[in-house]
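Asks: Quick one: structure below, then a few questions.
Here, each number is a calculation from the coordinates, and none is a lab measurement. Since we're looking at a predicted model, the values are computed, not measured. Neighbour counts run over all protein chains shown; Cβ positions are idealised from the backbone, glycine included.
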Amino acid sequence: MPRHYVRKTATKYNLEDLQKAIEDIKTNKISLGRASQIYSVPKTTIFDHLKKDVIRVPKTGRKPLFTEAQELELEDYILKCSKLFYGLTIKKVRKIVFQFAERNKLPHNFDKINKLAGKDWYYNFMKRHPRISLRRPEATSLNRINAFNKADVKVFYDNLKDIQNKHHIQPDKIFNVDETSISTVQKNSKILAERGEKQVGKATSAERGSTTTVVCAISAAGQYIPPFFIFKRKRMNALLLKGSNPNMVASVSDSGWINDSLFIDWLQHFISYAKPSLTNQVLLILDNHESHISLGAYNLCRDNGIIMLTLPPHTSHKLQPLDLTFFWTSEECILSRI
């Protein structure tokens with residue numbers, strides 16, 4: 001639960017006295033200085049309200065982090081992301097707010113280690129912006145069972161139809177992007193044995209494998225973007241690319257998995273080959289992985305003519321083209337050569 005702060009009152013005068021001072025000046029034509037003395041209201045305060053011809057209730061407490069315009073921009077962005085990614089969790093919104101503050105180079109006291117806005121700030125922000133509603137995350141297994149339903153799938157295809165009707169994007173400009181992981185240790189393959197044999201042995205390596213992520217994108221016309229590899233390392237080693245496709249790109253991460261920053265790197269790689277623009281837009285179909293939801297990725301796509309369309313959560317096993325047709329065959333091919 002958020003903490004409740006006790007505000008300190010900075011105002012030293014009564015609003016009724018301010019109102020009386022202004023009325024006395026206008027009606028009885030007394031001087032500004034005389035009104036200030038009678039009603040104990042600063043001359044500058046009376047003067048400011050006389051100019052504006054309206055009495056504003058002074059704000060007390062902490063100075064807001066964002067201006068009203070920035071908060072509206074942030075609200076609009078969160079609403080768009082919520083629609084695009086079928087809802088956002090509290091943690092994801094806090095992450096977006098942190099990125100927004102960093103992008104605008106605003107001094108803040110947010111969690112710089114985990115890169116999250118504070119819970120108190122979040123709850124107060126939500127009170128100020130009731131239009132934003134969030135989804136409650138459920139267990140993945142339950143989501144996966146329930147997610148593939150007619151209503152959610154219909155929403156996806158309705159969105160796809162709307163995009164096509166509006167932009168008339170050709171097959172060579174419709175891409176699916178997805179990530180797959182490859183272990184350096186080969187999986188056990190099936191072997192033949194006499195029927196009825198209860199235990200079949202096979203010598204296998206006891207080496208503990210390291211995970212490498214491969215980001216792939218293929219268009220509906222069959223064109224592919226050179227793969228983007230992510231190795232589990234601290235630093236990149238050029239020897240890892242020996243014998244590879246000259247157009248292939250590689251990077252590193254502590255876990256070997258993609259993250260927000262690496263997805264933006266991949267988007268820049270994608271832009272260099274797909275050549276999207278504001279007048280020649282590209283449709284990019286992708287899943288709801290958390291690395292895809294960042295302020296940097298959203299702005300990069302918006303500014304370069306990339307329209308993102310996401311699959312409903314936990315439906316990749318049924319709707320993701322790369323999952324259904326490419327990854328399992330390519331993985332078998334790769335492992336057979338290790």
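Asks: Length gain on complete extension for the stretch GLN37 to ILE132, per 0.36 nm per residue less the alpha carbon to alpha carbon distance?
Replies: 29.4 nm
Asks: Place +1 on the Cβ of every Lys and Arg and -1 on the Cβ of every Asp and Glu in region 237-338, take the dipole about the Cα centre, and give the residue among VAL282, SER261, PHE327 whose Cα lies farthest towards its positive end.
Replies: Ranked along the dipole, the leading option is VAL282.
Asks: Taking the simple approach of a point 7 Å from Cα along Cα-to-Cβ for both ASP303 and ASP111, what is their distance in nm?
Replies: In this crude label model, ASP303 to ASP111 measures out at 2.9 nm.
Asks: Hey, another quick one. On full extension of the chain, what length is gained from HIS317 through LEU72, given 0.36 nm per residue of separation minus the C-alpha to C-alpha distance?
Replies: 84.5 nm
Asks: Can you compute the modelled spin-label distance between HIS168 and ASP120, with each label point 7 Å from Cα toward Cβ, in nm?
Replies: Output for this residue pair reads 5.6 nm.
Asks: Figure the gain on full extension for LEU241 and ASP254 (residue separation times 0.36 nm, minus the Cα-Cα span) and round it to one decimal in nm.
Replies: Result: 2.8 nm gained on full extension.
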